[in-house]
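**Student:** The structure that follows is given in the form of structure tokens.
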Amino acid sequence: MACESGAFTGRDVVVYYAIGCPEVQPTADQYKRLGMMRGKTTGVEWETADATGDQSAAYTQENLVTYKNVSFSGDGVSRKEAIYGQREVKRHVYNPPADTSNQPYLWLKIISPFDITEGPFLVTSWQDESPHDDVATWSLEASSAGLVDVRDVGAVINIATQPQNKTITTGNTLTLTVAAKVSDSSALSYQWKKNGTDISGATSATYTKASAVAADAGTYTCQVLSPTAGSVISAPATVTVNAA
């Protein structure tokens, strides 16, 4: 009998970071994981100004919103810090480079099962016990340095089986296969590419080319598309065609 699953715990939340100015949003491949994190807390506060005047209704205090402040705080353990980013963030906070106007700006992307919080922050506090404590923990606090977006997680395409390298002989059949699924079960479509160029008519999960010739050698990928989750490109498969 399988153990019951589906409980929500902190391990379901992943925090990514990218060092950069608030004006330029990082691309997906520029984000790195910030871990090993035990606590991750986000919050929002709306600052108000007292605008009470003689004409306020029933002599009540009237408040006007002035600006929004989104905050993030987290802590973790400094194992494998070279991999998980604590060391890079620490050095950035201590010595912010000219690239970020000598300010400790940090883009954060916090992904939970429910939503994604992403935006630029200013790190206001960094503390760590490493290497002075056997349990080398660290913590940081940050406030929004610009627009912070909260959005639904959305559908995600997962490629379960990547196309594999093939070595065949001229005249034989070339077959490449990809297997994928999307988290919201929407329909998938496919487009195979050779050396980055679309192959006409190759729009199913399996690509077949009968009677291969030497010119069929190359690098093949498959673009998997969903109407709700965008598209992803498979890992490349190298095809070698040897003379008969």
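**Student:** Going by what's in this entry, would A244 be described as surrounded by 15 or more Cβ atoms within 10 Å (Cβ to Cβ) and either within 32 Å of the chain's Cα centre (by Cα) or of a type in the set (A, V, I, L, M, F, W, C) (or both)? So that I can check it myself, show each step before the final result.
**Tutor:** Values: surrounded by 15 or more Cβ atoms within 10 Å (Cβ to Cβ): no; either within 32 Å of the chain's Cα centre (by Cα) or of a type in the set (A, V, I, L, M, F, W, C) (or both): yes.
Considered against the rule, which asks whether it is surrounded by 15 or more Cβ atoms within 10 Å (Cβ to Cβ) and either within 32 Å of the chain's Cα centre (by Cα) or of a type in the set (A, V, I, L, M, F, W, C) (or both), A244 comes out as no.
**Student:** I've got another one for you. Restricting attention to the range 104-117, which residues are touching a residue at least 40 places away in the same chain (Cβ under 8 Å) and under 12 Å from the mean Cα position of the chain (by Cα)?
**Tutor:** Of the range 104-117, the ones touching a residue at least 40 places away in the same chain (Cβ under 8 Å) are 105-113, 117.
Scanning the range 104-117 gives W107, L108, K109, I110, I111, S112, T117.
**Student:** Turning to a different aspect of this structure: Just a yes or no: is a residue in the range 226-244 at pLDDT 95 or above, farther than 30 Å from P104 by Cα and assigned to a loop (DSSP other than H, G, I, E, B)?
**Tutor:** Among the residues of the range 226-244, not one is at pLDDT 95 or above, farther than 30 Å from P104 by Cα and assigned to a loop (DSSP other than H, G, I, E, B), which makes the answer no.
**Student:** Do any strands (runs of 3 or more DSSP E) entirely within the range 143-199 hold 1 or more residues that are crowded, with 17+ Cβ neighbours inside 10 Å, and if so, which? First the steps, then the outcome.
**Tutor:** Details: elements: 149-152, 157-161, 166-169, 174-177, 179-182, 189-194.
Once the strands (runs of 3 or more DSSP E) in the range 143-199 are filtered for at least 1 residues that are crowded, with 17+ Cβ neighbours inside 10 Å, what remains is 157-161, 166-169, 174-177, 179-182, 189-194.
**Student:** Any chance the range 14-36 includes a residue that's at pLDDT 80 or above, surrounded by 10 or more Cβ atoms within 10 Å (Cβ to Cβ), over 28 Å from S101 (Cα atoms) and not aliphatic (A, V, I, L, M)?
**Tutor:** The answer is no; no qualifying residue exists.
**Student:** Then there's this: Name every residue in the range 200-224 that is under 14 Å from A180 (Cα atoms) and either in contact (Cβ under 8 Å) with a residue 40 or more places away in the chain or exposed (fewer than 13 other Cβ atoms within 10 Å of the Cβ) (or both), in order of residue number.
**Tutor:** T221, C222, V224, listed by residue number.
**Student:** Residues V65, V77, V44: which one is within 24 Å of L147 (Cβ to Cβ) and either surrounded by 13 or more Cβ atoms within 10 Å (Cβ to Cβ) or at pLDDT 85 or above (or both)?
**Tutor:** V44
The values are calculated or read from the model by the stated rules, or taken from the named source; none is laboratory data. Bear in mind the structure is a predicted one, so any value in this text is a computation, not a measurement. With ideal geometry, Cβ positions are generated from the backbone for all residues, glycine too; neighbour counts draw on all protein chains shown.
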